[in-house]
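The values are calculated or read from the model by the stated rules, or taken from the named source; none is laboratory data. Fair warning: this is a prediction, and the values are worked out from it, not measured in the lab. No Cβ is skipped: glycine too gets one built from the backbone with ideal geometry, and neighbour counts run over all protein chains shown.
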Amino acid sequence: MNESPKALRLHIGLFGRRNAGKSSLLNALVGQDVAIVSPTPGSTADPVEKTLEMAPLGPVVFLDTAGLDDRDASLGAQRVERSLRAMRRVDVALLVLDAPCWEAVDADTAARLAAAGIPFAVVVNSRGTADTCDAAWRPDGLAATVPVLWASAREGWGLKGIRAALARLAPAGALKQPPLVHDLLPEHGTLLLVVPLDSGAPQGRLILPQVQTIRDSLDGRCLCLVVTEEQLPQAFAVLREPPDLVVCDSQVVHVAARLTPSSVPLTTFSILMARTKGDLVDLARGAAALTRLRPGQTVLVQEACSHHAQKDDIGRVKIPRLLARLAGGPVETPMLAGKEFTEYAGDAAAVVHCGACAITRGQMLARLDEARAHGLPMTNYGMCISLAQGVLERVLSPFPEALAAWRAEAQLPG
């Protein structure tokens, strides 16, 4: 945990035709040979990631992608599809050309980036010197707001201009995460975290949402106390004043709700992550779909990362079990794991997403948008668990707008 997690880094994508110089430009920008450079077209098959600290942007992730003009009969279409999927993961992009030549595939790429709301610059990766570039050249039809830059990965000139352009293009929200918890507390307030040490807890460390909550509370100059659910009564006993907020793991929310006085605000790590990484109001509204579940219906269970499934895995065992309880019988729960949003052609009643600690806010918002486009209400693990345990309103109470959205969608009295 000595480096910023990828989910807190600005994601920068390099797109373009084969042999446009994307990989060589990446190597030049990061100062390392992280991507294979070859005159053979198609040397980049899968997106290549490289994390680094880059002034003035701070922690970033570069994604080098396969050429979007790949027409190889056996694998070309798959490479192009992976590059287009990678586009959904980036906050800002570079559209790389190897010469001042604008082809149909470049125009299509620019249109896709613009449609996705991804700010980008066109970079001509020149083989010549800086004084030979045609600074006045601009592709026909390219929006006037899109910068056109010249650089040379081979000679090293123009790289500073690319870094400066990336800093200007980067969305403000991508460079600064919304607060996780400290804005919910008064100045120098007390935060009590309830962290179970069960079979799912990693040996010798805490999981990412717990670590990030601790750090955010310290950033807000709050007093943070961390206990297990068994220690919760003792914590209340030793505190002279009740804590300003209790945050617990969703899997012990029923215990925390029982032991925490009703006068003390209570929520979960998962709901904090939903607010920081996505749209809490929309996810709370989506939870109402779970109240209308019927046996035999399908609920998509989606995770942002791939991990080794344990015996009592939350997404593969616990969530399906709770959904069956809510539906009054078994439901189908296909698991969609990994970084990409996997499209589902069948009829589904809802999507239940993980806490999204492994992806950026932009990526989570894109998943919410795609779920809406498919007509699928989406909620997350924490809200599903809290709903099944009968405490959803309690853990949403620190967020009045989300609570009101849940009540309205579930047709409950306000």
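Only one of these is touching a Cys at 6+ places or on another chain (Cβ under 7 Å) and either part of a helix (DSSP H, G or I) or within 26 Å of A337 (Cβ to Cβ) (or both): A358, A402. Name it. Explain how you work it out, then say what you get.
Details: A402 fails: touching a Cys at 6+ places or on another chain (Cβ under 7 Å).
Checking each option against the conditions leaves just A358.
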Practice problem: Give the residue that is nearest to the chain's Cα centre (by Cα), with candidates limited to residues of segment 369-407 that are hydroxyl-bearing (S, T, Y) and over 15 Å from A350 (Cα atoms). | Solution: S386
Practice problem: Looking only at segment 371-399, count how many residues are surrounded by 15 or more Cβ atoms within 10 Å (Cβ to Cβ), assigned to a helix (DSSP H, G or I) and of a type outside the set (G, A, S). | Solution: 9
Exercise. Identify, by number, the condition in (1) crowded, with 18+ Cβ neighbours inside 10 Å; (2) farther than 15 Å from G16 by Cα; (3) without any contact (Cβ under 8 Å) to a residue 24 or more places away in the chain; (4) not aromatic (F, W, Y) that V80 doesn't meet.
Key: (2)
Exercise. Return the total of residues in segment 174-188 being over 16 Å from M273 (Cβ atoms) and either at pLDDT below 90 or buried (at least 18 other Cβ atoms within 10 Å of the Cβ) (or both).
Key: 4
Practice problem: Would you point out which residue out of A35, A93, A73 is at pLDDT below 90 and surrounded by 15 or more Cβ atoms within 10 Å (Cβ to Cβ)? | Solution: A35
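Among the listed residues G117, G161, which satisfies the condition of being outside any strand (DSSP E or B) and on the phi > 0 side of the Ramachandran plot?
G117
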Quiz item: In segment 86-114, which residue that is touching a strand residue (DSSP E or B) at 6+ places or on another chain (Cβ under 8 Å) and part of a loop (DSSP other than H, G, I, E, B) is farthest from L142 (Cα to Cα)?
Solution: R89
Practice problem: All but one of (1) at pLDDT 85 or above; (2) of a type outside the set (A, V, I, L, M, F, W, C); (3) surrounded by 15 or more Cβ atoms within 10 Å (Cβ to Cβ) hold for G362, so report the exception by its number. | Solution: (1)
